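What follows is a set of notes on a single structure, which appears directly below.
Each reported figure results from applying straightforward, stated rules to the coordinates on display, with no laboratory input. Fair warning: this is a prediction, and the values are worked out from it, not measured in the lab. Note: ideal-geometry Cβ built from the backbone for every residue, glycine included; neighbour counts use all protein chains shown.
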Amino acid sequence: MVTMTWLDGLRFDPIAPLLSSGHPAVRSWAVRELVAGPGGLPAAPAGAPDEALWDLPVPRRILRHQAADGSWAYPGKRPRDRMDYDLLETYRQLGFLVEMFGLTRRHRAIAAAAGYVLSHQSGLGDLRGIYGNQVSPNYTAALIGLLCKAGYGDDPRVERAFSWLEASRQDDGGWALPIRTRGRNLDALDEPQTIPGDPAQPFSHLITGVVLRAYSAHPAPGASTSAQRAAEMLAARFFEPDAYPDKGRVSDWTEFCFPFWMTDLVSALDAISIIRPGLRTEKTNQARDWLSAHQEPSGLFTGHLLRDRFHDLQLWFSLAVCRVFARMPS
């Protein structure tokens with residue numbers, strides 16, 4: 001009897017171009033997560049760090065610009081006085097280091113960055129600064145998600161942030177940006193007083209998708225019943241406009257970047273496939289079909305790709321799509 005795999009649902013082999021790309025980091029992740037070893041299992045545990053990647057030119061270049069306090073300096077203009085632009089840039093650079101090159105807390109630069117990030121934790125448990133003194137479920141979750149992947153999932157400060165996320169949901173079970181639930185625009189980021197949200201307003205799939213990425217990185221990703229419910233809610237919003245104006249276009253679902261930033265089909269499916277791996281709906285099937293239809297004869301996937309910082313985004317995007325298909329076979 002021939003055993004069907006997730007590859008049988010695709011027109012072309014996507015693994016071969018990842019392995020032959022000449023990109024050492026992409027190849028390393030593909031071998032560890034997608035190539036079958038003895039007994040059909042991946043060749044190495046998905047979470048096993050490949051420390052050889054840490055000394056590649058790109059992470060070395062990033063690390064040279066890290067400040068003594070663990071941060072990275074924002075290179076552009078700083079139009080809002082209350083926004084912590086260096087925290088935003090630190091999030092960006094941590095994404096490259098952790099998501100692409102697998103750096104963990106065993107690297108002193110990551111330990112320093114974690115200390116800097118967690119120094120922004122409020123007494124309530126959230127991380128403040130990127131939105132000034134306004135509450136930000138998305139950036140709180142985005143930052144602690146990276147810290148979880150770097151090995152800080154059992155840190156009490158990270159657990160406090162998750163407790164805050166649990167307590168900050170909308171009444172419908174998802175998450176939203178508090179200032180948006182009050183009808184405020186981004187000028188509210190300049191206000192010194194924190195604006196409380198209205199939990200009766202609907203959830204935002206943009207914010208919920210980012211929050212779920214943190215839950216998917218937690219050491220026990222399926223343990224939160226609220227995250228499982230929110231994953232189902234997020235999937236139901238595929239190809240729909242958000243309830244709030246930040247990502248109000250249907251086309252936002254098919255604009256992609258890696259490391260993940262906003263919420264798109266692949267970032268959403270990536271989180272859902274970990275939190276609710278058995279979830280299958282008409283919308284998730286529609287998303288999978290969309291991705292399958294955007295596979296090139298080379299085997300790589302394509303789409304509207306944003307922020308191609310290192311000119312290798314299609315490889316990373318294709319790796320991310322493969323992870324989704326491998327976790328959610330048809």
Check your understanding: Under the Kirkwood approximation for Rh and a Cα-based Rg, what ratio Rg/Rh is obtained for the chain?
Key -> 0.95
Review point. Just going by the charge dipole of the stretch 170-282, with Lys and Arg at +1 and Asp and Glu at -1 on Cβ, which of ALA268, TRP253, GLN193 is farthest out on the positive end?
Key: ALA268
Practice item. Given the peptides 228-235, 29-36, 68-75, arrange them by the average over their residues of other C-beta atoms within 10 Å, most packed first. Key: 228-235, 29-36, 68-75
Check your understanding: So what is the relative contact order of the chain, in percent, for Cα pairs below 8 Å that sit 6 or more residues apart?
Key -> 17 percent
Point to revise | Cβ crowding within 10 Å averaged over residues, with 291-299, 118-126 ranked highest first | key: 118-126, 291-299
Review point. Where nothing but the Cβ of Lys and Arg (+1) and of Asp and Glu (-1) is charged, how large is the charge dipole of the stretch 181-313 around its Cα centre, in debye to the nearest 20?
Key: 400 debye
Review point. From the backbone phi of the stretch 154-161, what are the Karplus-calculated ³J(HN,Hα) couplings (6.51 cos²θ - 1.76 cosθ + 1.60, θ = phi - 60°) in whole Hz, Gly and Pro given as x?
Key: 9, 6, x, 5, 5, 5, 5, 5
Check your understanding: Between the stretch 110-174 and the stretch 257-276, how many Å separate their Cα centres?
Key -> 18 Å
Review point. If each Cα of the stretch 237-302 is one equal point scatterer, what is log10 of I(q)/I(0) from the Debye formula at q = 0.18, 0.24, 0.28 Å⁻¹?
Key: -0.73, -1.19, -1.36
Revision key, fill the gap. In Å, the Kirkwood hydrodynamic radius from C-alpha pairs for the stretch 52-111 sits at 12.1 Å
Exercise for review: Please give, to one decimal in nm, the separation of the simple spin-label points placed at ILE195 and ASP13, each 7 Å out from Cα toward the Cβ.
Suggested key: 5.4 nm
Practice item. Tabulate in residue order the Karplus-calculated ³J(HN,Hα) for the stretch 300-315, using 6.51 cos²θ - 1.76 cosθ + 1.60 with θ = phi - 60°, rounded to whole Hz; enter x for Gly and Pro. Key: 6, 9, 9, x, 7, 9, 10, 6, 7, 4, 10, 6, 9, 5, 4, 5
Revision key, fill the gap. With +1 on the Cβ of every Lys and Arg and -1 on the Cβ of every Asp and Glu, the dipole magnitude of the chain about its Cα centre, in debye rounded to the nearest 20, is 380 debye
Point to revise | Mean ellipticity per residue at 222 nm, deg cm²/dmol - from DSSP H runs of n ≥ 4 across the chain, formula -39500 (n - 2.57) | key: -12000 deg cm²/dmol
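Quick one, what does Rg over Rh come out to for the stretch 198-330 if you take C-alpha atoms and the Kirkwood Rh? Numbers along the way, then the final one.
Numbers: Rg = 14.3 Å, Rh = 15.0 Å.
For the stretch 198-330, the value is 0.95.
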Exercise for review: Return the sequence-ordered ³J(HN,Hα) values of the stretch 97-109 in whole Hz as given by the Karplus equation 6.51 cos²θ - 1.76 cosθ + 1.60 applied to θ = phi - 60°, using x for Gly and Pro.
Suggested key: 5, 7, 6, 8, 10, x, 5, 10, 4, 5, 8, 4, 5
